[in-house]
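A.B. asks: Let me begin by handing over the structure; questions about it come next.
Nothing in this text is a laboratory measurement; each read-out follows from the coordinates by a stated rule. This one's a predicted model, so the numbers in the text were calculated from it and none came from an experiment. Neighbour counts are summed over all protein chains in view; Cβ atoms, including those assigned to glycine, are modelled from backbone coordinates with ideal geometry.
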Amino acid sequence: MYRILIVEDDPVISAAVNRGLTAWGYDVRETEEFHRVTALFDDCAPHLVLMDISLPFCDGFYWCREIRKKSKVPVLFLSSASDNMNIVMAMNMGGDDFIAKPFDMSVLVAKVGALLRRAYDFGGQTGFPEHRGARLDTSAACLLYGGKRITLTRNEYRILLTLLQRKGSVVSRSTLMEQLWETDCYVDENTLTVNMTRLRRKLEAEGLPDFIVTRKGMGYLIGGED
């Protein structure tokens, strides 16, 4: 299920959008604390953000820039200020689309669906793979756990992505090396061992011991019967 964060200070509009998107099966969260939008973004880990331009404290352009520093998650601007300058600003600040108020709910739902398909369906990505409360943000290549964003190296990200995509199944060392080879760096048995050791230490330091299980002579496993 896709999560959507609404950053809209008009409670009537926010509630109406919430109802409309929930009816289509989305997991919708509304913003109430407009001075900490990025903190809410981190906690919610949404797949898409609906962002008003005129907001208390800081405008939507500011919050979009802040989100773009850490994620490529789609941002759809909502605004009654639909002149060309605001549309251009929204796109320049990192927005992916713009819809003017008042809008038809069916049009909003269609735009949301189109953005989600472009961001996650193409190439086989379907949301955030997760295990034990830890979610892999495939748009920002980092791990979300306990309200924190855990930075990953390119190889660490590829290892976790491969294992989580095959959650519950043993993944051989050769398969992991093939995935790492796609990052255009030389990979041998020792390279994989070093990366796996560093990743496990990082996960344990963040409160995720034994997140990756070894099956001796077979490979590695996330999930399933440990």
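A.B. asks: With an 8 Å Cα cut-off and a minimum separation of 6 or more residues, compute the relative contact order for the stretch 1-132 in percent.
C.D. replies: For the stretch 1-132, the relative contact order is 22 percent.
A.B. asks: Something else now. Could you work out Rg/(2.2 N^0.38 Å) for the stretch 130-221, with Rg from alpha carbons only?
C.D. replies: 1.01
A.B. asks: Still on this structure, I have one more. Within the stretch 1-96, report the trypsin sites (Lys or Arg not before Pro) that DSSP leaves as loop and that have at most 10 other Cβ atoms within 10 Å. Kindly include the intermediate steps, with their values, before the conclusion.
C.D. replies: Details: sites: R3, R19, R29, R36, R65, R68, K69, K70, K72; in loops: R36, K69, K70, K72.
Here the sparse-neighbourhood loop sites are K69.
A.B. asks: Got a sec? Charge dipole of the stretch 130-221, +1 on Cβ for Lys and Arg, -1 for Asp and Glu; which of L144, L192, N155 is way out at the positive end?
C.D. replies: Checked the options; the winner is L144.
A.B. asks: Between beta-carbons, use under 12 Å as the cut-off and find the net charge around L76, counting Lys and Arg +1, Asp and Glu -1.
C.D. replies: Around L76, the surrounding residues sum to -2.
A.B. asks: Lys and Arg at +1, Asp and Glu at -1: add these up for the other residues within a Cβ distance under 14 Å of V28 and post the number.
C.D. replies: Result for the local shell: -1.
A.B. asks: Can you pull out the GluC sites (Glu not before Pro) in the stretch 7-74 whose DSSP state is coil and whose Cβ has at most 11 other Cβ atoms within 10 Å?
C.D. replies: Those that pass, being in a loop and sparsely packed, are E32, E33.
A.B. asks: Quick one: putting +1 on the C-beta of Lys and Arg, -1 on the C-beta of Asp and Glu, what dipole do you get for the stretch 3-124 around its Cα centre, in Debye to the nearest 20?
C.D. replies: Numbers: 13 positive and 17 negative charges, 97 e Å.
Dipole of the stretch 3-124, to the nearest 20 debye: 460 debye.
A.B. asks: Still on this structure, I have one more. If you place +1 on the Cβ of every Lys and Arg, -1 on the Cβ of every Asp and Glu, and leave all else neutral, what size is the dipole of the stretch 130-221 about its Cα centre, to the nearest 20 Debye?
C.D. replies: Charge dipole, the stretch 130-221, about its Cα centre: 320 debye, nearest 20.
A.B. asks: At a Cα cut-off below 29 Å, give the lysines reachable from K101, other chains included and same-chain residues fewer than 8 away excluded.
C.D. replies: K69, K70, K72, K111
A.B. asks: Okay, next question. If you put +1 on each Lys and Arg Cβ and -1 on each Asp and Glu Cβ, how big is the dipole of the chain around its Cα centre, in Debye rounded to 20?
C.D. replies: Magnitude of the dipole: close to 700 debye.
A.B. asks: Expressed as cubic angstrom per residue, what is the convex hull volume of the alpha carbon set of the chain?
C.D. replies: Taking the convex hull of the Cα positions in the chain, it is 128 Å³ per residue.
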